[in-house]
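Everything below concerns the one structure shown next.
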Amino acid sequence: MSDLRDLYQEVILEHSKAPRNFHDLADASHKAEGFNPLCGDQFTVYLRVDGDAIRDISFQGAGCAISKASASMMTQIVKGKSREEAKKLFERFHKLVTGEEPPKNGEDLGKLAVFAGVSEYPARVKCATLAWHTLQAALEGQAEAVLPDEE
Amino acid sequence: MTTAARNFEAGLQRPEDAQLFSRAELEKIRADFPILQQKVHGKPLVYFDNAATSQKPRAVIDAIVRYYETTNANIHRGVHFLSERATEQHDAARRTVQKFLNARSANEIIFVRGTTEAINLVAQSYGRANVGPGDEVLITGMEHHSDIVPWQLLCDDKGAKLCVGPIDDNGELLIGEFADLLSPRTKLVAVTHVSNALGTVNPVRKIIELAHERNVPVLVDGAQAAPHMKVDVQELDCDFYAFSGHKVYGPTGIGVLYGKAALLNAMPPYQGGGDMIASVTFQKSTYNKVPYKFEAGTPDIAGAIGLDAALRYVSDIGIDRIGAHEHDLLEYATTAISQIPSLQIVGSASEKAGVLSFVLENVHPHDIGTILDQEGVAIRTGHHCSQPVMRRFNIPATARASFAIYNTREEIDALARGIEKVREVFA
């Protein structure tokens, strides 16, 4: 069970059961849909961007515990950040869940560090990154996220 | 209607007539499959993803190794010893398939890559020649994507219409509605014998009867049926029957399209190339006779020989006994897991074969799959290439356990324990 708990951390389970910012955004300036055809996970990410700043962010959709918790925690950490900061955060998060770069002390990954366990489950990396890809698509003005073949 | 009568209607052997495997027989069968001896994440492997692909017995692995070590040569054109031997073994494989399906002639057996290619062959050859603007192709609401998309490609190309017979909440085809959809414009019916997502056994005999009353030919997708039940294409009177080798204990890359000789003879070729021609000039080529007309290029010779070994393995044990064993497992598993709170079985047709799809309240199937994997239990999670079925039941995905010859009741107990663990994690 201990290794399973590395993946299904309490924080992740808690977010998957009670996702934050889980609604649409009436005054959204950006929105994109992310779909993983392999498993059917589907999320829409809504943004209200003011100049360079992400003033508000929310999401809706259906997916597994990992993808839902990831989307939920993403909205929390990204709210109020600049586009550039959000992009950097995704790059760092990506390296975390693929196991390329483990979490470091004093780093600004915040609570996202709980997703480090995903790196032990290659089949689940796409679950953790789906919302982030969708956020990126929304920021780039695309309606749909394109998931990379290899992740 | 009694179960036996329904089985007869569906073109099945009656599983209750067949004797279940003894413990010793089952142990012997398990020993035939080298892959089952391993541990996964420190637990004995429990392989319940058989509807995706089955494991291979030693007899199949050995036949392929033996072919490459002693026989490998290209078939048909060589006058040398090895080529003649390879040709003979490839021909023998075709005769084994003929016997397996009880086809009239070995020439009615076309080797393809798998069920998907078989259906595409019929869509692109028979379909393009016989389906025109305003015509209709009729399928059911429980088809695998491979029995939907080839027909969509054809219909888009020809300006024809794809019609879909609806299914009910149990996952059974509504046969009355299906019959009503047979119209004077229906040019072809394509139905799955057994649903890969729900396990439903379709009343294919009845469907074929209904279609034939209107002179409409029927293709049966047998990918999930051939491994579990006796298929007799003459008794069914289907016009086309497709199945994959790798789901019936054979290698990947080899499958079968059965077609009635008269239909195959009248159909144009599917792909052009070597072996499928009688003569070629730059002005015109004439085509070889069936089945070679549909087998352009060097075929998967080792695959056919592996499939031969697989079908002989199955036939030696007896397909009706295999079906009875799996039926026993399905009943045992259905009873065991339906006692788990918050678990719901998806697909409760009165006739089911070897497939148990389920969902857990508040737990996504993907998470079920990951946690079961940690317990050594391999199941499938997702939409099973049947997105319309998922939509019909208003669920994004299911967890699916599917059974084979080598599975045991103890393994189902491990599955049930694994599901309890899932519930603990998500409690």
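All of the numbers you see were taken from the coordinates with simple rules; none came from a lab. Just so you know, these numbers come straight off a predicted model, no measurement behind them. With ideal geometry, Cβ positions are generated from the backbone for all residues, glycine too; neighbour counts draw on all protein chains shown.
What translational diffusion coefficient, to the nearest whole µm²/s, does chain B have by Stokes-Einstein, given a Kirkwood radius computed over alpha-carbon pairs, a temperature of 37 °C and 0.692 mPa s viscosity? Each step should come with its number before you reach the end.
Values: Rh = 22.3 Å.
This corresponds to a translational diffusion coefficient of 147 µm²/s.
Based on alpha-carbon atoms only, what is the radius of gyration of the protein assembly as shown relative to the globular estimate 2.2 N^0.38 Å? Don't jump to the answer; show the numbers that get you there.
Numbers: Rg = 26.1 Å, N = 578, 2.2 N^0.38 = 24.7 Å.
Rounded to two decimals, the normalised Rg is 1.06.
Using θ = phi - 60° and the Karplus curve 6.51 cos²θ - 1.76 cosθ + 1.60, what whole-Hz ³J(HN,Hα) does each residue of the range B:33-46 get, with Gly and Pro shown as x?
10, x, 5, 6, 7, 8, 9, 10, 6, x, 10, x, 5, 10
When the chain is fully extended, how far beyond the present Cα-Cα distance does B:Asn215 get from B:Arg185, taking 0.36 nm per residue of separation? Present the calculation step by step, with values, prior to reporting the outcome.
Working: separation 30, 0.36 × 30 = 10.80 nm, distance 1.11 nm.
Difference between extended and current length: 9.7 nm.
Quick one: P(r) of the range A:2-139 from all Cα-Cα pairs, 5 Å bins, percents rounded to integers, in order of increasing distance.
2, 11, 22, 24, 21, 13, 5, 1, 0, 0
Distance from the Cα centre of the range B:119-146 to that of the range A:97-121, in angstrom?
The range B:119-146 and the range A:97-121 have Cα centres spaced 49 Å from each other.
Leaving out same-chain residues fewer than 8 places away, which lysines sit with a Cα under 16 Å from that of A:Lys104?
Candidates past the 8-residue exclusion: A:Lys88, A:Lys95.
Helix by helix through chain A, keep the DSSP H runs that span 18 Å or more along the axis on Cα and average at least 0.5 on Kyte-Doolittle, and give those back in order.
Numbers: long enough: A:65-78 (19 Å, 0.85); A:83-97 (21 Å, -1.01); A:125-139 (21 Å, 0.83).
Going by DSSP H runs, the hits are A:65-78, A:125-139.
Go ahead and estimate [θ] at 222 nm for chain B from helices alone: -39,500 (n - 2.57) per DSSP H run with n ≥ 4, summed, over the residue count, rounded to 500. Write down the numbers at each step before the final one.
Numbers: 15 runs with 166 residues, N = 427.
Mean residue ellipticity, 222 nm, calculated: -12000 deg cm²/dmol.
Rank B:Thr53, B:Thr192, B:Thr115 by mean-square fluctuation in a GNM of chain B with C-alpha springs under 10 angstrom and give only the top-ranked residue.
Per the Cα network of chain B with a 10 Å cutoff, B:Thr53 tops the list.
How far, in degrees from 0 to 90, does helix B:58-70 lean away from the longest principal axis of the Cα atoms of chain B, to the nearest 10?
40
Report the gain in length on full extension from B:Ile175 to B:Arg128: 0.36 nm times residue separation, minus Cα-Cα distance, nm rounded to one decimal.
Values: separation 47, 0.36 × 47 = 16.92 nm, distance 2.74 nm.
This chain segment gains 14.2 nm when fully extended.
Take B:Lys39, project a point 7 Å from its Cα along the Cβ direction, then tell me which residues of the range B:376-402 have their backbone nitrogen under 17 Å from it.
The answer is B:376-378, whose backbone nitrogens lie closer than 17 Å to the label point.
How much of the pair distance distribution for the range B:86-186 lies past 19 Å, counting alpha-carbon pairs only, in percent? Intermediate values should be presented prior to the final figure.
Details: 2829 of 5050 pairs.
Result: 56 percent of Cα pairs exceed 19 Å.
Among B:Lys247, B:Lys230, B:Lys289, which one shows the biggest mean-square fluctuation in a GNM of chain B, springs joining Cα atoms closer than 10 Å?
Taking springs between Cα atoms under 10 Å, the residue moving most is B:Lys289.
Could you work out the relative contact order of chain B, using alpha carbon pairs under 8 angstrom and six or more residues apart, expressed as a whole percent? All intermediate terms of the calculation are to be shown ahead of the outcome.
Working: 854 pairs, mean separation 97.3, N = 427.
Result for chain B is 23 percent.
Expected output is a single nm value to one decimal: the length gained when fully extending between B:Ala106 and B:Asp413, i.e. 0.36 nm times separation in residues minus the C-alpha distance. What is it? Could you put the intermediate results ahead of the total?
On the way: separation 307, 0.36 × 307 = 110.52 nm, distance 4.33 nm.
The span from B:Ala106 to B:Asp413 would gain 106.2 nm if fully extended.
Computed FRET efficiency, Cβ-Cβ of B:Ser285 and B:Ala261, R0 22 Å: what is it to the nearest 0.05? Walk me through the numbers before you get to the answer.
On the way: r = 22 Å, r/R0 = 1.00.
Computed FRET efficiency for B:Ser285 and B:Ala261 comes out at 0.50.
Which one of A:Gly34, B:Val137, B:Ile167 is farthest out on the positive end of the charge dipole of the protein assembly as shown, using unit charges on Cβ (Lys, Arg +1; Asp, Glu -1) and the Cα centre as origin?
B:Val137
Relative to the first principal axis of the alpha-carbon coordinates of chain B, what is the inclination of helix B:301-317, with its axis defined by its Cα atoms, in degrees from 0 to 90 and to the nearest 10?
Rounded to the nearest ten degrees, it is 50.
To the nearest 20 Debye, how big is the dipole of the protein assembly as shown about its Cα centre, given +1 on the beta carbon of each Lys and Arg and -1 on that of each Asp and Glu?
Numbers: 60 positive and 75 negative charges, 140 e Å.
Roughly 680 debye, rounded to the nearest 20.
Using only helices, what value at 222 nm comes out for chain A when you add -39,500 (n - 2.57) per DSSP H run of length 4 or more and divide by the total residues, to the nearest 500 deg cm²/dmol?
Details: 5 runs with 58 residues, N = 151.
Helices in chain A give a 222 nm mean residue ellipticity of -12000 deg cm²/dmol.
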